[in-house]
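Quick notes on the structure that follows.
The values are calculated or read from the model by the stated rules, or taken from the named source; none is laboratory data. Everything quoted here is computed from the prediction, not taken from an experiment. Note that each Cβ is placed from the backbone with ideal geometry, even for glycine, and that neighbours are counted across all protein chains shown.
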Amino acid sequence: MQNTQSPELEQKLGLLNELSPAIEKLIARHIEQRNLWFPAELLDADERDELAQRARSLPESVRAGLALNLLTEEGLPHFHRLIAQHTGEDSAWGYWNNMWTAEEDRHGCILRDYARDAKVFDMLGLEKLQYEYLEAGFNPQWHSDPYRLVAYTSLQEKATQLSHANLARLAAPHEPKLQHILSRVAADESRHHKFYRDTFALLLEADPERALKAAWAVMPKMIMPGHTIPGYRQLSDIAHQAGIYGPRDYAAIVSQLLDTWRIATANSLSSSGERLREKLLELPERIHKLAELVTARRSKDPSPAQGLTFLPSTA
Ligand SMILES: [Fe+2]
Ligand SMILES: [Fe+2]
């Protein structure tokens, strides 16, 4: 929990506490809808030889996408810490954070088990990247604001859902097992997204001006936690070109969230709140234009997997 709290921050944390009964309902909905699976149920150790055989046909784009998704999942310690720092351990959030972390931990675990059993990467090379990623830390400039945390996680869960689901689609013709694993992970991300999205909707209803400010602070550019990973740019370029995840997807996520949160009809706003709302409503088009520029630039200047030595096919 934060040591020095401004009155505004105290009010925000107070509201999160007041909203506990509603948040507990969202947690109960999540538990009712989730499908709790375990890595050992999806991946049988006896299958290793067959896995490695089939995985040989995985294209470089799928391998690169798998590396990116796996590394992103392995950033879990950063997020467990951020949620605890921004929401505290005592309310419904303490329970949610531990449960969410336990669910998320299976994602990195199953993707890593798959990658190792199917011999997709040089594991030592990948492990070194993971080490660097965790050692680098991840400290977004949220100024202790729990509203920013909830806005960010609403975006991030949807982005990971899309990324896993698109990768599953591309893996399907080569490796049905990988498709199955990624689809299960994507379904988890979808349920996590719903929790954060609907929590943010509660904040918007109870404290619209400050919630809009928090949305504006994180939505124009989502800082990817893995951006410090050496080779991250190349991996994300490959993922973008292969249709796994890119700036167009981000524009669509922002647009969908603004619709779901009914930003256009938010009322009881001051004149500065109104201006903020207008700026938020213009965001999808702005991000979309930027996405087109980035897409055009990247298609002219393709970034091959050169130097990503943990991908065996490029060695
Ligand atoms: Fe995950
Ligand atoms: Fe998730």
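Of all residues in region 85-108, how many are more than 13 Å from ligand 2 (Cβ to nearest atom) and of a type outside the set (V, I, T)? Steps first, please.
First, pick out the residues of region 85-108 that are more than 13 Å from ligand 2 (Cβ to nearest atom): 85-95, 98.
Pick out the ones that are also of a type outside the set (V, I, T) and you get 85-86, 88-95, 98.
The total comes to 11.
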#### Entry: Count of region 81-140 residues which are within 27 Å of A52 (Cβ to Cβ) and among the small types (G, A, S)
4
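For region 22-39, how many residues are in a helix (DSSP H, G or I) and modelled with pLDDT under 95?
The total comes to 0.
Got a number for residues in region 75-86 being away from ligand 1 (no atom under 14 Å from the Cβ) and either surrounded by fewer than 23 Cβ atoms within 10 Å (Cβ to Cβ) or not in a helix (DSSP H, G or I) (or both)? Explain how you work it out, then say what you get.
Initial filter on region 75-86 (away from ligand 1 (no atom under 14 Å from the Cβ)): 81-82, 84-86.
Next, only the ones that are either surrounded by fewer than 23 Cβ atoms within 10 Å (Cβ to Cβ) or not in a helix (DSSP H, G or I) (or both) stay: 81-82, 84-85.
Number satisfying all stated conditions: 4.
Quick one: which of T101, T72 is surrounded by fewer than 18 Cβ atoms within 10 Å (Cβ to Cβ), under 15 Å from the mean Cα position of the chain (by Cα) and either more than 16 Å from ligand 1 (Cβ to nearest atom) or touching a residue at least 24 places away in the same chain (Cβ under 8 Å) (or both)?
On the way: T72 fails: surrounded by fewer than 18 Cβ atoms within 10 Å (Cβ to Cβ).
Result: T101 is the single residue among T101, T72 that is surrounded by fewer than 18 Cβ atoms within 10 Å (Cβ to Cβ), under 15 Å from the mean Cα position of the chain (by Cα) and either more than 16 Å from ligand 1 (Cβ to nearest atom) or touching a residue at least 24 places away in the same chain (Cβ under 8 Å) (or both).
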### Message
Whether any residue in region 116-128 is more than 17 Å from Y232 (Cα to Cα) and either within 12 Å of ligand 2 (Cβ to nearest atom) or crowded, with 20+ Cβ neighbours inside 10 Å (or both) is what I want to check.
### Response
yes
### Query
Only one residue in A217, A264 is within 19 Å of L155 (Cα to Cα), touching a Lys or Arg at 6+ places or on another chain (Cβ under 8 Å) and without any contact (Cβ under 8 Å) to a residue 24 or more places away in the chain. Which one?
A264
#### Entry: Single residue of region 200-225 satisfying the filter (buried (at least 20 other Cβ atoms within 10 Å of the Cβ) and small (G, A, S)) that is farthest from G137 (Cα to Cα)
A211
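Just a yes or no: is a residue in region 191-211 away from ligand 1 (no atom under 16 Å from the Cβ), of a type in the set (S, T, N, Q) and without any contact (Cβ under 8 Å) to a residue 60 or more places away in the chain?
The answer is no, given that none of the residues of region 191-211 is away from ligand 1 (no atom under 16 Å from the Cβ), of a type in the set (S, T, N, Q) and without any contact (Cβ under 8 Å) to a residue 60 or more places away in the chain.
Mind listing whichever residues of region 122-167 are more than 16 Å from ligand 1 (Cβ to nearest atom), within 16 Å of Y196 (Cα to Cα) and not small (G, A, S)? First the steps, then the outcome.
Applying the first criterion (more than 16 Å from ligand 1 (Cβ to nearest atom)) to region 122-167 yields 122-129, 131-132, 135-137, 139-151.
Still in the list and also within 16 Å of Y196 (Cα to Cα): 145-151.
Matches in region 122-167: D145, P146, Y147, R148, L149, V150.
Please find, among L82, L68, L111, L15, the residue that is among the hydrophobic types (A, V, I, L, M, F, W, C), within 15 Å of ligand 2 (Cβ to nearest atom) and closer than 23 Å to P140 by Cβ. Can you show your working first?
Values: L68 fails: within 15 Å of ligand 2 (Cβ to nearest atom); L111 fails: closer than 23 Å to P140 by Cβ; L15 fails: within 15 Å of ligand 2 (Cβ to nearest atom).
Unique residue meeting the criteria: L82.
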### Query
Which of (1) within 16 Å of ligand 1 (Cβ to nearest atom); (2) not in a helix (DSSP H, G or I) is the odd one out, the single condition K119 does not satisfy?
(1)
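So, in region 163-199, how many residues would count as being among the hydrophobic types (A, V, I, L, M, F, W, C) and within 12 Å of ligand 2 (Cβ to nearest atom)? Before you say what the answer is, go through the steps one by one.
Let us first name the residues in region 163-199 that are among the hydrophobic types (A, V, I, L, M, F, W, C), namely 165, 167-168, 170-172, 178, 181-182, 185-187, 195.
Pick out the ones that are also within 12 Å of ligand 2 (Cβ to nearest atom) and you get 185-187, 195.
The number of residues fulfilling the criteria is 4.
Let's see how each residue does on (1) closer than 15 Å to A67 by Cα; (2) basic (K, R):
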| site | (1), (2) |
| --- | --- |
| P230 | yes, no |
| P247 | no, no |
| Y250 | no, no |
| N267 | no, no |
| G273 | no, no |
| R298 | no, yes |
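Take the conditions touching a Lys or Arg at 6+ places or on another chain (Cβ under 8 Å) and of a type in the set (G, A, S) and apply them to S154. Does it pass? Break it down stepwise before answering.
Working: touching a Lys or Arg at 6+ places or on another chain (Cβ under 8 Å): yes; of a type in the set (G, A, S): yes.
Spelling it out, S154 is indeed touching a Lys or Arg at 6+ places or on another chain (Cβ under 8 Å) and of a type in the set (G, A, S).
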### Message
Of the conditions (1) among the charged types (D, E, K, R); (2) without any contact (Cβ under 8 Å) to a residue 40 or more places away in the chain; (3) touching an Asp or Glu at 6+ places or on another chain (Cβ under 6 Å), R54 satisfies every one except a single condition; which number is it?
### Response
(2)
### Single match in A136, A159 (criterion: away from ligand 2 (no atom under 16 Å from the Cβ) and either buried (at least 21 other Cβ atoms within 10 Å of the Cβ) or in contact (Cβ under 8 Å) with a residue 60 or more places away in the chain (or both))
A136
